[in-house]
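Enquirer: The following block contains the structure, expressed as structure tokens.
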Amino acid sequence: NYDTFVVLTEGNLKEWKFKNIKVIPNPLTFYPSTKSTLQNKKVLAVGKHSFQKGYDLLLKSWKLVTSKHPDWVLDIYGTIWEDVGLKKLAHELNIEKSVNFFHPVKNIADKYQEASIYALSSRYEGFGMVLTEAMAYGVPCVSFDCPYGPSDIISDDLDGILVANGDIQALSMALNQLIENPKQRMEMGNLARENVKRFSIEKIAIQWDTLFNSLASIK
């Protein structure tokens, strides 16, 4: 009954059989003038402690990373729910010295700029704004190819790395790859910062404007 049904990602098209469906992604609301140097031995993740965010998978992956790179740290920013048991898991994995759990901060943009790699371990996403935000700071992202969003945002092996959803071993290998190859990290980060411009609010607004004008012209 709708003239147009709008979804966020190409993956969402698999969920609906409508002919009147259209993809318009979420816009990136900022594009900083500065970017990360990618020199800090720091991996960043942002999001609340929950099953969805898959931090249990990330911690198990990080265990494999730290066995090779004990001088790197993982910073996780987001609402901390003790019932999720992430601190306990970090202790059981003996990685608590290389993992930091922080409550949400207003200056999260500063944290993107301090990071050298962004890790997304979600089991599922609505879109994945954190990926576009990290990329805007020139930070290459390593992400599970979860439903849906990451595959719309990351061009695999070009401006970031996608791995099979839930594959702990593959996630650790991808993180190690970028840790061990600073040149590749820099190249991917530069391309990420350029490619993410397609999500600028100006370009996304044009898509909405075009849609509204086309609907207004329907008689």
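The values are calculated or read from the model by the stated rules, or taken from the named source; none is laboratory data. These figures come from a predicted structure and were not determined experimentally. Counting neighbours? That spans all protein chains shown, and the Cβs are built from the backbone with ideal geometry, glycine included. Side chains included, ligands, DNA and RNA excluded: accessible areas come from the protein's heavy atoms. Shrake-Rupley method; radii C 1.70, N 1.55, O 1.52, S 1.80 Å.
Enquirer: Looking at LEU64, LEU59, LEU38, LEU44, which is the one that is within 30 Å of MET186 (Cβ to Cβ), in contact with a Ser or Thr (Cβ under 6 Å, 6 or more places away or on another chain) and open to solvent by less than 30 Å² (accessible area, probe 1.4 Å)?
Expert: When all the criteria are applied, what remains is LEU38.
Enquirer: Right, another one. Looking at LEU59, LEU13, LEU44, can you tell me which residue is hydrophobic (A, V, I, L, M, F, W, C), farther than 27 Å from LEU93 by Cα and not in a loop (DSSP other than H, G, I, E, B)?
Expert: Result of the check over LEU59, LEU13, LEU44: LEU13.
Enquirer: Those residues that are within 32 Å of the chain's Cα centre (by Cα) and either open to solvent by less than 80 Å² (accessible area, probe 1.4 Å) or not aliphatic (A, V, I, L, M) (or both), I need them from the range 204-219; list them, please.
Expert: ILE204, ALA205, GLN207, TRP208, ASP209, THR210, LEU211, PHE212
Enquirer: What are the residues in the range 1-35 that are among the aromatic types (Phe, Trp, Tyr) and open to solvent by less than 70 Å² (accessible area, probe 1.4 Å), if any?
Expert: The initial filter retains those residues of the range 1-35 that are among the aromatic types (Phe, Trp, Tyr), namely 2, 5, 16, 18, 30-31.
If the condition is that a residue be among the aromatic types (Phe, Trp, Tyr) and open to solvent by less than 70 Å² (accessible area, probe 1.4 Å), then PHE5, PHE30 are the ones that fit.
Enquirer: Separate question: Scan PHE144, PHE127 and give me the residue that is open to solvent by less than 10 Å² (accessible area, probe 1.4 Å), within 16 Å of LEU57 (Cβ to Cβ) and either under 11 Å from the mean Cα position of the chain (by Cα) or modelled with pLDDT of 95 or more (or both). Step through it out loud before you land on a result.
Expert: On the way: PHE127 fails: within 16 Å of LEU57 (Cβ to Cβ).
After ruling out the rest, the residue left standing is PHE144.
Enquirer: Tell me the residue from ALA119, ALA109, ALA136 that is open to solvent by less than 40 Å² (accessible area, probe 1.4 Å), within 12 Å of the chain's Cα centre (by Cα), more than 20 Å from ALA174 (Cβ to Cβ) and among the small types (Gly, Ala, Ser), please. Step through it out loud before you land on a result.
Expert: Details: ALA119 fails: more than 20 Å from ALA174 (Cβ to Cβ); ALA109 fails: within 12 Å of the chain's Cα centre (by Cα).
Step by step, each of ALA119, ALA109, ALA136 is checked, and only ALA136 is open to solvent by less than 40 Å² (accessible area, probe 1.4 Å), within 12 Å of the chain's Cα centre (by Cα), more than 20 Å from ALA174 (Cβ to Cβ) and among the small types (Gly, Ala, Ser).
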